[in-house]
């Protein structure tokens, strides 16, 4: 019997909370309530999904014009980068020092022809350092021989030269 009384009491209490509370009628609506009760006007000049757009120009021409504009800007940017910007990137080097050719020997070892001003050098780079292998004669305009010929003329390939000695030799020769 107590279970039935408990269920009945719970039902009565829940009905009491569910009953609408009676309040006194409001005298004047607030400004926000008046704005909410005003009719909605959608005539702001913007197109809606159900209406016809006012300025429906040829979209194909607009798309083609946009494509031409973007391609022109990209081409101009690429041209300007090649003309003025490529030399300012890291690793691009200056105008006085250039690596003409490089041959990989494996195990992080390379042989390169380095051009400094008007002189050319055959250098070897390894994890231990950089070695000057030979000072090359000025290159003839025909370009015969080149890298292979310079390697064959070199006698002391196995003798490493410390980087400080190479720098000292270059400073003495350039001054």
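Nothing in this text is a laboratory measurement; each read-out follows from the coordinates by a stated rule. Predicted model, so just to flag it, every value in this text is computed and none were measured. Here the Cβ is made from the backbone with ideal geometry for all residues, glycine too, and neighbour counts use every protein chain on show.
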What distance in nm separates the two pseudo spin-label positions at residue 119 and residue 33, each 7 Å out from Cα along the beta-carbon direction? 9.6 nm
Which order do the peptides 108-115, 65-72, 164-171 come out in when sorted by mean C-beta neighbours inside 10 angstrom, highest first? 108-115, 164-171, 65-72
